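Okay, structure first, notes after.
Please treat every number below as a calculation from the coordinates, not as lab data. Given the structure is predicted, the values throughout are model-derived calculations rather than measurements. When we count neighbours, we look across all protein chains shown, and the Cβ atoms used for this are built from the backbone with ideal geometry, even at glycine.
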Amino acid sequence: VKKRGARYEKQARPVKQAAVLGAGIMGGGIAYQSASKGTPILMKDIKDDAIELGLKEARKLFAKQVERGKLTTEKMAERLTNIRPTLAYGDFGHVDLVVEAVVENPKVKEAVLAEVEAEVSEQTILTSNTSTISITRLAQNLKRPENFCGMHFFNPVHRMPLVEVIRGEQTSDAAVAATVAYARAMGKTPIVVNDCPGFLVNRVLFPYFGGFSLLMEQGADFARVDKVMEKFGWPMGPAYLLDVVGLDTAVHAGEVMAEGFPERMGSLAGGAKGEGDSQSAIQMMFENDRLGQKNAKGFYAYE
Ligand code: NAD
């Protein structure tokens, strides 16, 4: 992987201006990371309050750097100006690379990607931060599918080193190269992976969530499972991790995984035995509006 990444990077067009679509958990984190490493980024959402939240989160992270003595107040102010919030596509004509980070719904993503493609230049690289949806599938309505690939960050973006760069069937080497180089410029460790639902990490992670959901349906205590998995050596247990990810995102991603691998992932989408009419514990949480940290109530309660 390292060798492939190095080959790609030689041909990379540098990303001088980036943009992110969506100012949620991931979009806000991506904007902060890009700004903090010196690449200006437009942060577009369709909701004013989402942009406010994204900016608030970025300010908080910059303030922590100042508190720790890693950044001066002047530098913080300067880096914050690297994030330009917007509700419109106005300046997208000058953007080198776009990261799409809207809801995990293939139809919404396809529509948003086609919309942004009409606003950017012919050289602009479009990427998606989708957790699970095949990149080849997301490319199907694009006029320039060769300029499109996956750029999958992990949550929280400022702490997690890995970025999966996903090649769709039509993705060009140049698109992969620019994305790998941008990930490196953001201080991340990119790996180039092939396309399939869930890519590499979520193909491993989602069966684990499915196993956890099954345990819940059989009456296990989620806090105990978390404690046990922490003692096993994981930084956090599955219930807490699901709260961090967002139960809505986990359910939507779980549906994509169940569609892609029905025999293995059925328990996430259709209940304990993979039956269509029963619900999984994770789905029940979502349907009871327990979305995790984003609305302060998930498996645990938050301030
Ligand atoms: P989120 O719900 O926190 O944020 C989504 C944001 O997208 C919202 O602010 C919403 O207003 C905005 N949005 C919706 N339609 C839009 C449009 N047309 N244009 C611009 N903005 C729009 O979700 P999130 O957790 O940040 O997830 C975003 C993407 O990142 C999903 O594809 C998800 O699967 C992926 N992802 C999530 C995680 C995670 O742990 N949460 C990790 C990796 C990848």
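Given q = 0.21 Å⁻¹, what are the Debye log10 I(q)/I(0) values for region 62-159, with equal point scatterers placed on the Cα positions and solvent ignored? Normalising to I(0) and taking log10 leaves -1.05. How high is the relative contact order of the chain? Use alpha-carbon pairs under 8 Å, at least six apart in sequence, and give a whole percent. Once divided by the residue count of the chain, the mean separation gives 15 percent.
Pull out a ≥ b ≥ c, the square roots of the eigenvalues of the alpha-carbon gyration tensor of region 1-112, then state rounded if a/c is under 1.5, prolate if not and a/b is larger than b/c, and oblate in the remaining case. Taking the square roots of the gyration eigenvalues as a ≥ b ≥ c, region 1-112 is oblate.
Please work out the C-alpha center-to-center distance from region 86-103 to region 35-66 and express it in whole Å. That distance is 14 Å. With contributions of -39500 (n - 2.57) from each DSSP H run of at least four residues, the per-residue ellipticity at 222 nm computed over the chain stands at -14500 deg cm²/dmol. When the Cα gyration tensor is reduced to axis lengths a ≥ b ≥ c, the ratio a/c is 1.5 or higher for region 150-199, and with a/b not above b/c it is classed as oblate. For Val192, the residues whose modelled amide H falls within less than 5 Å of its own, excluding neighbours fewer than 5 places apart on the same chain, are Val165. Considering only Arg79, Arg167, Arg264, the Gaussian network model of the chain with Cα springs below 10 Å gives its largest mean-square fluctuation to Arg264. Sorted largest first, the principal axis extents computed over the alpha-carbon atoms of region 2-194 equal 46, 38, 28 Å. In region 203-292, Cα pairs under 8 Å separated by at least six residues give a relative contact order of 30 percent. Pairs over the 28 Å Cα-Cα cut-off, from the set Lys44/Lys297; Lys75/Lys188; Lys37/Lys227; Lys64/Lys109: Lys37/Lys227; Lys64/Lys109.
Sorting 144-154, 67-77, 289-299, 82-92 by average packing, meaning the other beta carbons within 10 Å per residue, from highest down gives 144-154, 289-299, 82-92, 67-77. Taken along the Cα-to-beta-carbon direction at a fixed 7 Å, the label points for Thr73 and Glu259 span 5.1 nm. Each of the peptides 101-107, 178-184, 220-226 was scored by the mean count of other Cβ atoms within 10 Å over its residues; in descending order, highest first, they stand as 178-184, 101-107, 220-226.
For Ile83, the amide hydrogen comes within under 5 Å of the amide hydrogens of Ile41, counting only partners 5 or more places away or on other chains and with H modelled in the peptide plane. Each Lys and Arg contributes +1 and each Asp and Glu -1, all at the Cβ; summed about the Cα centre of the chain, the dipole is approximately 1440 debye. Do you know the relative contact order of region 109-167, to the nearest whole percent, from alpha carbon pairs under 8 angstrom that are 6+ apart? Contact order relative to length: 31 percent. The simple Förster model, with R0 at 41 Å and r as the Cβ-Cβ distance, assigns Ala185 and Glu287 a FRET efficiency of 0.50. If you take the alpha carbon atoms of region 203-292 and fit the smallest convex hull around them, that volume is 87 Å³ per residue.
Quick check: from the Cα gyration tensor, does region 135-284 come out rounded (a/c under 1.5), prolate or oblate? Oblate. Count the DSSP beta bridges whose two residues both fall in the chain, then state the antiparallel fraction as a percent rounded to the nearest 5. Roughly 20 percent of the DSSP beta bridges within the chain come out antiparallel.
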